[in-house]
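Report on the following structure.
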Amino acid sequence: MNETILLRNTVGDSAEIDSFGAELMSWRARGTDLVWRKDPSIWDQSAPILFPVVGWTRDGTARVNGKTYPLTLHGFAWKKQFSIRDRSDDFVRLALDADEETLRLYPFEFELLVEFRLLESGLENALVVMNNGSKPLPYACGLHPAFNWPMAGSKATHSIVFEKPERGEVPVIAPGGLFSKRTRPVPLRGDTLLLAAELMKNDALCFRDVNSRALAFDNGAGARLEVQLEDFPHIAFWSLPPAPYLCIEPWTGFGDPEDFFGELAEKPSMRLLAPGERARHAATFRFESSEALA
């Protein structure tokens, strides 16, 4: 049964998480609503959890030991009911375990924990993957939160400011969501990417193997959403113009390359967990506003 979990802290910040999909529904910091409220007429999600694959698979399938499994876009965690494992006023840990349905899609015994912790003007979102089986577990995971764009009511040009300079090109997304070897240029000047709806008119901007462990979504008017990454080597940005949101997506993996036809465990950027091992991936979001500080 679905439950909406409300988190609050002592400075008045709040967040709402749906137990179905462990999906972040809202986050309010310094009196500002930051997460896009889902609108089924545009996009019926606000922050899906991506597991055990990120992006599209070829023909919506994956191969394991020569057998084909119907593992489609972003996996299945976003379509599953999570249980509440631990909970306090400003923290919740939700869990998803392998079951009969997941084993038909992905033949591995796993546990996925999704954690949310409210900080002062911040929110930490972590994914913990555990291999509960007797064979190596291949996986990719990611976060997909949609933030209000424009942010904090600003009419100025928004930008992404990376911690370090990044490559000024991204892969072309081919038909079927596959990653092409071809690239397209983006308006990145050193560490700053100026945002415009046209950039994501046809597909997402996927920066693979970024140099930066941090970045900021800047509204051009004194407000910034700072993002710190922990063991997420890739970052993507996506929207559905003219929808008023920007998805900031930390990933461990990405969609199938155009020339990839192999086993799931051989797919580029997949992780392999040995039996009994666990891995943690996290992003911490912090909202800063000169107006709020004034």
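The values are calculated or read from the model by the stated rules, or taken from the named source; none is laboratory data. These numbers were taken from a predicted model, which means no experiment stands behind them. Methodologically, a virtual Cβ is constructed for each residue, glycine included, from the backbone with ideal geometry; neighbour enumeration extends over all protein chains shown.
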Which of the residues that make up segment 174-216 are under 27 Å from Pro244 (Cβ atoms) and among the aromatic types (Phe, Trp, Tyr)?
Phe207
List pairs: first residue in segment 238-255 and surrounded by fewer than 22 Cβ atoms within 10 Å (Cβ to Cβ), second residue among the acidic types (Asp, Glu) anywhere in the structure, Cβ distance under 7 angstrom, at least six positions apart or on different chains.
Trp238/Glu249
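On the given criteria, is Phe179 under 27 Å from Glu115 (Cα atoms) and touching a residue at least 40 places away in the same chain (Cβ under 8 Å)?
In short, no.
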Out of the residues in segment 164-197 that are crowded, with 17+ Cβ neighbours inside 10 Å and of a type in the set (Asp, Glu), which is nearest to the chain's Cα centre (by Cα)?
Glu166
I need every pair where a residue in segment 67-85 that is within 16 Å of Leu24 (Cβ to Cβ) has its Cβ under 9 Å from the Cβ of a residue that is acidic (Asp, Glu) and not in a strand (DSSP E or B), sequence separation at least 6 or different chains.
Lys80/Asp99; Lys80/Glu101; Ile84/Glu3
Which one is surrounded by the most Cβ atoms within 10 Å (Cβ to Cβ), of the residues in segment 198-214 that are small (Gly, Ala, Ser) and at pLDDT 95 or above?
Ser212
Can you tell me which of (1) part of a strand (DSSP E or B); (2) touching a residue at least 60 places away in the same chain (Cβ under 8 Å) is the one Val170 doesn't meet?
(2)
Criterion (on the phi < 0 side of the Ramachandran plot, of a type outside the set (D, E, K, R), part of a strand (DSSP E or B) and out of contact with any helix residue (DSSP H, G or I) (no Cβ under 6 Å at 6 or more places or on another chain)) met by exactly one of Phe237, Phe232
Phe237
Tally, over segment 37-71, of residues that are closer than 18 Å to Asp259 by Cα, out of contact with any strand residue (DSSP E or B) (no Cβ under 7 Å at 6 or more places or on another chain) and assigned to a loop (DSSP other than H, G, I, E, B)
4
Please determine, by comparing only the residues of segment 66-98 that are hydroxyl-bearing (Ser, Thr, Tyr) and under 21 Å from the mean Cα position of the chain (by Cα), which one is nearest to Arg8 (Cα to Cα).
Ser83
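State all residues of segment 35-84 that are among the β-branched types (Val, Ile, Thr) and crowded, with 18+ Cβ neighbours inside 10 Å; if no residue qualifies, say none.
Of everything in segment 35-84, those that are among the β-branched types (Val, Ile, Thr) and crowded, with 18+ Cβ neighbours inside 10 Å turn out to be Val35, Ile49, Val53, Val54, Thr57.
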Of all residues in segment 123-163 being aliphatic (A, V, I, L, M), surrounded by 15 or more Cβ atoms within 10 Å (Cβ to Cβ) and out of contact with any His (no Cβ under 9 Å at 6 or more places or on another chain), the one that is modelled with the lowest pLDDT
Ala152
If I filter segment 123-145 for residues that are assigned to a strand (DSSP E or B), among the aromatic types (Phe, Trp, Tyr) and under 24 Å from Ser14 (Cβ atoms), do I get at least one hit?
no
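Just to be sure before I move on: is Leu6 assigned to a strand (DSSP E or B), over 27 Å from Ser180 (Cα atoms), in contact with an Asp or Glu (Cβ under 6 Å, 6 or more places away or on another chain) and at pLDDT 95 or above in the structure I sent?
Spelling it out, Leu6 is indeed assigned to a strand (DSSP E or B), over 27 Å from Ser180 (Cα atoms), in contact with an Asp or Glu (Cβ under 6 Å, 6 or more places away or on another chain) and at pLDDT 95 or above.
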Within segment 104-128, how many residues turn out to be of a type in the set (A, V, I, L, M, F, W, C) and farther than 14 Å from Gly75 by Cα?
9
Mind telling me which of the residues Arg87, Arg104, Arg93 ends up being among the charged types (D, E, K, R), over 26 Å from Pro241 (Cα atoms) and buried (at least 17 other Cβ atoms within 10 Å of the Cβ)?
Arg93
